[in-house]
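See structure below.
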Amino acid sequence: MLPPETELWNGVEQTAREVFGSYGFGEIRPPIFEPTELFARSIGLDTDVVSKEMYSFEDRDETSVSLRPEATASVCRAYIEHNMHALPQPVKLYYMGPMFRRERPQKGRYRQFYQIGAEVLEALQQGQGGAKDIPKDAAIDAEVIEMVMTFFARLGLEGVELDINSIGHNAPNCRPAYVAKLKAELERVKDKLEPDSQRRIETNPLRVLDSKLESEQAIIATLPRIADCLCDDCAKQYAEVKRQLDLRGVAYRENWRLVRGLDYYMRTTFEITAKGLGSQNAVCGGGRYDGLVELLGGQPTKGIGFAIGEDRLILSLQEAGKGAVAQGRDVYIAWMGEKTLATAIAAAQESRAAGLRVELPPVEQKFGKALAQADKIGARFALILGEDEVASGLWTLKTLATGTQEKLEKADMMDFLKKAKSSPQS
Ligand code: AMP
């Protein structure tokens with residue numbers, strides 16, 4: 001990643017900080033690598049991410065460490081390690097940074113990619129939990145979703161679509177009952193499915209619903225739907241999340257095929273897609289994962305979070321023509337004659353302190369060459385400082401786009417430049 005594109009990345013990250021900060025989230029910076037065991041336990045040994053895609057290696061003491069494929073596990077690990085259950089609950093954290101997965105690279109899919117994500121964690125206090133928490137949990141889920149959508153709106157991301165679903169929870173009368181029903185139905189139509197899906201009937205039947213294969217779509221459309229099998233509490237929670245989204249003016253589409261394969265994922269799941277990304281059009285995935293902190297050795301703790309694919313977010317902004325970033329410099333200081341150097345340095349220092357982007361050539365240049373160079377690097381103004389200007393105190397400013405030139409007193413010049421900085425470029 002190079003300038004000027006990195007300016008776009010910085011802008012996106014700055015907006016995330018502002019929006020997430022306005023919802024009361026603080027930044028966590030987890031390490032880039034962690035014990036392999038952390039990811040194996042939290043993401044699951046049977047997932048592609050852990051079984052095929054992790055960059056793992058033996059450290060000198062023969063423990064295995066891995067480059068992080070995602071950050072939720074690390075955030076939960078940190079929550080436990082730093083006793084965050086003792087802080088006012090819930091704890092709201094966001095992170096941003098590189099993740100690593102050994103996938104087949106293509107547009108929008110890389111082996112080092114960047115995520116911006118957030119998690120809300122809440123240790124269960126005495127007497128908490130159960131059906132009476134439903135409205136509160138639903139409000140938290142809806143607020144987290146509202147926050148991502150606000151972030152995308154602030155960036156001007158186009159064609160944003162939010163899909164939501166509830167995947168119930170891991171109790172006999174809820175998701176497992178649905179999975180059994182789904183499995184029985186899949187066995188019945190097994191012959192019509194492709195080998196990948198046939199295999200998943202055994203390993204992870206829910207994942208069959210993810211299939212994008214054209215030949216399987218008609219069959220999948222006839223399969224049982226989880227919404228019809230949710231237990232009362234999960235059904236109530238799902239209805240409440242939808243009501244809360246409506247209250248917040250967040251538009252969504254229900255998608256019964258949106259699933260997660262791991263036991264500790266529960267209830268709310270969501271995915272957001274955007275325009276201009278082809279087949280890799282998911283820019284954000286998220287969901288509730290009560291139980292993950294406990295699985296990692298902490299006390300019972302509720303959790304909901306999401307991860308945004310920053311590379312795809314940037315691609316989508318660029319495709320929509322929103323990737324333009326300010327280039328070049330505000331001012332090129334064309335100084336001529338050794339006696340003008342001190343004045344040139346002072347002018348550069350003062351303009352930089354005022355936030356202008358200034359190029360001060362290290363050695364004296366001939367007039368023509370200085371202006372050509374100013375043009376080449378995309379400067380808006382050339383401040384021309386010759387010995388005459390320094391002696392008279394009247395400085396020359398050339399506007400490069402129009403070629404117009406004017407003489408101004410030093411103080412007026414600085415005022416003019418400072419104002420020019422904040423006004424839009426002509
Ligand atoms: P996940 O952690 O798999 O739920 O992914 C969350 C988001 O991260 C996805 O919606 C993508 O936008 C992004 N993402 C995941 N894997 C990659 C990858 N290999 N390259 C680029 N973006 C990715």
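Please treat every number below as a calculation from the coordinates, not as lab data. The structure presented is a predicted model; accordingly, all values stated were derived computationally and were not measured. Neighbour counts run over all protein chains shown; Cβ positions are idealised from the backbone, glycine included.
The table below lists the values:
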{"read-out": "Residues within region 385-401 that are without any contact (Cβ under 8 Å) to a residue 12 or more places away in the chain and either under 42 Å from the mean Cα position of the chain (by Cα) or surrounded by 13 or more Cβ atoms within 10 Å (Cβ to Cβ) (or both), tallied", "value": "1"}
{"read-out": "Residue match in region 249-266 (condition: away from the ligand (no atom under 16 Å from the Cβ), more than 22 Å from the chain's Cα centre (by Cα) and aliphatic (A, V, I, L, M))", "value": "no"}
{"read-out": "Segments classed as helices (runs of 4 or more DSSP H), wholly inside region 284-375, with at least 2 members that are free of Cβ contacts under 8 Å to residues at least 60 places away in the same chain and away from the ligand (no atom under 16 Å from the Cβ)", "value": "341-353"}
{"read-out": "Checking Ile134 against (1) away from the ligand (no atom under 16 Å from the Cβ); (2) touching a strand residue (DSSP E or B) at 6+ places or on another chain (Cβ under 9 Å); (3) among the β-branched types (Val, Ile, Thr), the condition it does not meet", "value": "(2)"}
{"read-out": "Qualifying helices (runs of 4 or more DSSP H) (wholly inside region 161-240; at least 3 residues being polar (S, T, N, Q))", "value": "195-203"}
{"read-out": "Hits in region 340-376 (condition: of a type in the set (D, E, K, R) and more than 24 Å from Asp415 (Cα to Cα))", "value": "Glu364, Lys366, Lys369, Lys376"}
{"read-out": "Index of the failed condition, Pro90 passing every other in (1) in contact with a Lys or Arg (Cβ under 8 Å, 6 or more places away or on another chain); (2) within 15 Å of the ligand (Cβ to nearest atom); (3) closer than 19 Å to Gly286 by Cβ", "value": "(2)"}
{"read-out": "Scope region 68-117; condition assigned to a strand (DSSP E or B) and under 29 Å from Pro300 (Cβ atoms); matching residues", "value": "Val91, Lys92, Leu93, Tyr94, Tyr95, Met96, Gly97, Met99, Gln115, Ile116, Gly117"}
{"read-out": "Filter result for the condition that a residue is more than 16 Å from the ligand (Cβ to nearest atom), assigned to a strand (DSSP E or B), in contact with a helix residue (DSSP H, G or I) (Cβ under 8 Å, 6 or more places away or on another chain) and farther than 30 Å from Val250 by Cα, over Val65, Val120", "value": "Val65"}
{"read-out": "Filter result for the condition that a residue is over 30 Å from Glu202 (Cα atoms) and touching an Asp or Glu at 6+ places or on another chain (Cβ under 9 Å), over Arg77, Arg29, Arg60", "value": "Arg77"}
{"read-out": "Region 137-160: number of residues that are among the small types (Gly, Ala, Ser), farther than 30 Å from Gln299 by Cα and either within 16 Å of the ligand (Cβ to nearest atom) or not in a loop (DSSP other than H, G, I, E, B) (or both)", "value": "2"}
